[in-house]
Amino acid sequence: MRAFLALIILLAAGAGGQQGGSLSPLSPAVQRVYEDLRNDPATTNELLARDIATLTQGRLNAGNRGLGKLVDDLVKGLSGTTMKVGFARNAAEDLETALNPEGGSAQQTSGAVSDFSHQLQSGGMDAGQAELIRADLVKILPTLPVAAVSDAPAHKFRFSLQEATNYDKFVMVEDFESRADIFQTWYQPKWSTGIVTAYDSTYKCSGRSGLTISNTQPSEKGSSMAKIPKPYQDIEGMNAIRMWIKPFNLDGAKGSVSTGFIDGTDQIWQVDLPGMLSGTEPYILQVRLADFRRVLRRNTGRIKLVNHDFAFWMTGTYKFTVDDIMFVHDPALPEFVPGDPR
């Protein structure tokens, strides 16, 4: 679980509020918590408790003892600090996702809790105080049904090169043809260390090269790398994420990979990929957009079809080569229709 929590602490771009364009409006309840976290002078412990209680949809009231402890520690940690807009927004949305998961998995809730603490630290709070607040939050979380081991796709996502269906439209995220220093066009969050990358002219889907990604950091650490397209990519009409993968027969119990993207409303959608690292034969990895369920921060239940940021999250020992990452329209799949907003 420690490795998993490290995995889903958020990307540096999202953590700093680097969102570009106009920000999506917050719900009234989240807006009030956001203003509280910005250290509005009018905010009192009583008001903050009331505003956070509202996020629980009546499950907790403002006089709840556990909530009171969380509020006291928050006020202490925020004393003398004015959180930047991006950190405060992210933290407020994390609180809503954690306290009112509405069918989300245990992993989603854990991710929101960890990211909440991360946002407080990024906003200037002492790390020890932020960890104390994280522990307070854990104690007042709703009880969730027993969760599956992972938030894996509901449908098959690994296809041999021969059986993979064709696509008729695509939006390319990365083909690794520039051969520039990869971290000139991709980035690692500050918490991520140990990633080793190499352009690979032997293992590739097309063009001159793929990219082999492996690690040197201790097995309990998480790592991540991501690409922000400039400009953001319109993915209307697409129904899947697709990429070419060459695995190196690693034990999935010792390492794992998840992937996902930040959509047009800055929601971070993630999916786990069990078995991605096993075997040695190249294959096509294709995940239906409809199979993305886990989300951090805001959760409208609806994917806004714009790609703000594509990412991998890894834990443990991993090695794989990837090429031709793209959003595609696969005519063999149902059309993707975003769910109705909550």
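None of the figures in this text is laboratory data; all of them are computed from the coordinates on show. Owing to the predicted nature of the structure, the values given are computational and were not obtained by experimental measurement. We place every Cβ from the backbone using ideal geometry, glycine too, and count neighbours over all the protein chains shown.
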Diffing region 109-124: the Karplus 3J(HN,Hα) column from phi (6.51, -1.76, 1.60, θ = phi - 60°), in whole Hz with x for Gly and Pro, holds 5, 4, x, 5, 4, 5, 5, 4, 4, 4, 5, 4, 5, 4, x, x
Calculate the dipole size of region 158-329 relative to its Cα centre from +1 charges on Lys and Arg beta carbons and -1 charges on Asp and Glu beta carbons; express the result in debye to the nearest 20. 420
Let me test this: with uniform point scatterers at the alpha carbons of region 237-291, what is the Debye-based log₁₀ I(q)/I(0) at q = 0.25 1/Å? -1.05
If region 99-207 were replaced by its equivalent ellipsoid, with semi-axes equal to the square roots of 5 times the Cα gyration tensor eigenvalues, what would those be, largest first, whole Å? 37, 24, 11
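Tell me, what is a quarter of the convex hull surface for the C-alpha atoms of the chain, in nm² with one decimal?
16.8
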Specify the residue with the greatest mean-square fluctuation among Arg242, Arg298, Arg208, computed from a Gaussian network of the chain linking alpha-carbon atoms under 10 Å apart. Arg208
How fast does region 184-246 diffuse by Stokes-Einstein, in µm²/s, taking the Kirkwood radius from C-alpha pairs at 20 °C and 1.002 mPa s? 151
When the chain is treated as a GNM, springs tying every alpha-carbon pair under 10 Å, which of Ser201, Ser223, Ser209 comes out with the largest mean-square fluctuation? Ser201
What area, in nm² and to one decimal, does the C-alpha convex hull of region 256-339 cast on average over all directions? 6.2
Expressed as a fraction of 2.2 N^0.38 Å, the rule-of-thumb size for a compact globular protein of N residues, what is the C-alpha radius of gyration of region 158-329? 0.98
Can you tell which of Thr202, Ala130, Thr300 lies farthest toward the positive end of the dipole of the chain, using +1 and -1 charges on the Cβ of basic and acidic side chains (Lys, Arg; Asp, Glu)? Ala130
Links exceeding 20 Å between C-alpha atoms in this model, out of Lys190/Lys221; Lys156/Lys254; Lys156/Lys319; Lys230/Lys304, come to Lys156/Lys254; Lys156/Lys319
Taking 8 Å as the Cα distance limit and 6 or more residues as the minimum spacing, I'd like the relative contact order of the chain as a percentage. 22
Theoretical FRET efficiency, 1/(1+(r/R0)^6), r = Cβ-Cβ of Asp251 and His155, R0 41 Å, to 0.05: 0.95
With an 8 Å Cα cut-off and a minimum separation of 6 or more residues, compute the relative contact order for region 158-329 in percent. 37
Expected 222 nm ellipticity per residue - DSSP helices of 4 or more, -39500 (n - 2.57), all of the chain, to 500: -8500 deg cm²/dmol
